[in-house]
Structure formats: C-alpha cells, structure tokens
Amino acid sequence: MLTRTDQEAVQRCLAGDTDAFSTLVERYGGRVYNIALRITNDTDAAADCAQEAFIRAYRALHQYHPDLPFGPWIYRIATNTSLNHVQRWHAHETPVEEFPESVEPDHAGPESSALRREELDEVLAAMAELPAHYRAALALRHMQQLSYQEVADSLGIPLGTVKTHLHRARAALKARLAARRMQREA
Amino acid sequence: MNEEDLDRLLSVAPPQALPFGFRDRVMGRLQERQVAWEWIIAALFAIPSLVFLVRQVLVHGEDFVQAMANVVTAASSQTSDAFFFVDGLTVLALALLGIACAFAAHALLVDASGTGRRVA
C-alpha cells in the first residue's frame, strides 16, 4: 500500500476517495481505541466509541485544518465520544483488569519486571476508579505521551485547566492507591 | 508517587490490541452510510412517481390501451401515423423514476464492491 501523509489522505477523502480514510483508521486506530478504553473501562464500549469517533471524523473532515496535526484532532473526537458514552452509561462501567503480556523490554530481570507489572496493574486499577475526565487527561498525558498543549487540544479545554485536572487526577490517584494498600493490609 | 514516576510507569503500559477487523468495520459503516443516503434519494424520487403512474393507469388506463393499440396497428400496417397522447406529468414521472433507478443502481454497485472488499 502506498504510504501517504495524514494530510494527503484527508485530501483524497475530501475528493471523494473513501478508501483513503482506511490509511488513517489503520494509523490511529490503536491509539484511539486505547484512549477510549481508558475512559470507558470497557472493551466493547471502547470499540464502539473508537468506531463512532472515526465515523464522526470522516463526516467532519471538511472542518479539519490541514496545517494542524491529525492526531490531536481525532483524539479530541474520540475523547468527546467516550466521555459522552460514560455520561450516558456510567452505571455499566466495569474496571479493566486484564492486560496482555507487557511489550516492554525486560532489562531488569524477571523479579523486578513482575514487581513493576504488579505496580502497573495496581495503578491502572486505581485509575479506573477515577472520574472519566481525570482518566482521559491521565491517559492522554502519560499513556499517549502527549504534551500539555496537545492534551488541551484533545480535550478542548484551556492549558491551565489541563494542568489543574492532571494535578488533581494525580492527587486522586495517589489517594486511591493509598486506600487500596490500606485495604489490602487490613 | 510523583509525576515522573507515574509517567515512567504509565508510558510503558502495554496498549490493548485493536479488535480484529476494526478497520473493515469502520470502512463498512462509511460505505453503508453512503448507500443509505442514495437509497433515500432513490425512494424520494421513485415513490411519488410510481404512485402517480399507478394512478394514471387506474384513471386513464383505457387511453393507454388505446394508445398502445394505435402504435401496434400503425407498426403492423406500415403506416407512419400512430395517434397517442402522453401528458407532461407522466413524462416527468417517468424521468424521475429513471433518476431513482440510476441512484439505486449506484447504491447496489457500491454495496456489492464494498462487500467484496470486506470479504477479500
């Protein structure tokens, strides 16, 4: 398949070539799905939200500004779709506890790796208990490694608000982790 | 746990694999939407035209039969005179029906090619 830039793919879509959109789905599908997964905490809902995000993006392609990167634009749509889903179906939220084997290179030895894995599972479980907008901010900043400005663009909120959300989210996460540890030790 | 620790930990969290066939489902839904839009246009053109044509046949059926008989008679007797009358609204209804058929045919073709690509 011919490798196209995001902007070329968008131009082709706007010219009526629907198939060009598959390049963008392939390129951003994984990240969009993982953002949706962290916000919804449900694999089926995440797949639905990710699909819906791409459908909405396709319909709104004429609003996309080609000078801006495509990633934050589609992340913003995915985040909004997922947050809307959570607002509608928050009663059905279930924490995601299962993860595939880590793809992280194992430099620290099996024991250290297992400890780290345990710690990661603990943090992800605590993160799943946070409010959806905190989960969204944490997922975009720390899991997708976006800059503060990109997180702000993706969430459609001011930079200062992003910093406040992330500060509060980390504080809430810390409190949850402490509570979980105390619960386990008791 | 400070920001750096959290960042270091979460940045290596393994991403969940995209569900199998995700891209094909998205592309399938895009094609469906296109086809749905074309079917709606086809229906908007076809239904009023068909209703009108059926009404014409019911009300002016004898005129149609007479017109056809005139055409057949003229053809069999090798004369060039065949009297029949078609009003403008009937012509318009037939034209709209033709446009509706074109939309429907395109929707069918897009649907068939989309299905073929998804299967392949």
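Coordinate-derived values only; no laboratory data. Here the structure is a predicted model, which is why all the values come from computation and not from measurement. FYI the Cβ positions are ideal-geometry reconstructions off the backbone, even for glycines, and counts take in every protein chain you see.
Summary table
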| read-out | value |
| --- | --- |
| Residue-averaged beta-carbon neighbours from other chains (10 angstrom radius) around A:129-137 | 0 |
| Neighbourhood net charge (10 Å Cβ-Cβ; Lys/Arg +1, Asp/Glu -1) for A:Phe70 | 0 |
| Average beta-carbon neighbours from other chains, 10 Å sphere, peptide A:37-43 | 1 |
| Summed side-chain charge close to A:Ile157 - residues other than A:Ile157 whose Cβ falls under 14 Å, Lys, Arg +1, Asp, Glu -1 | +2 |
| Helix-only CD estimate at 222 nm, as mean residue ellipticity for chain A, using -39500 (n - 2.57) per DSSP H run (n ≥ 4) | -22500 deg cm²/dmol |
| Cα centroid separation, segment A:11-78 to segment A:113-160 (Å) | 19 Å |
| Shielding by partners - mean other protein chain Cβ count within 10 Å, residues of B:18-30 | 6 |
| Likely footprinting exposure, A:Ser147, A:Ser22, B:Ser77, fewest C-beta neighbours within 10 Å first | B:Ser77, A:Ser147, A:Ser22 |
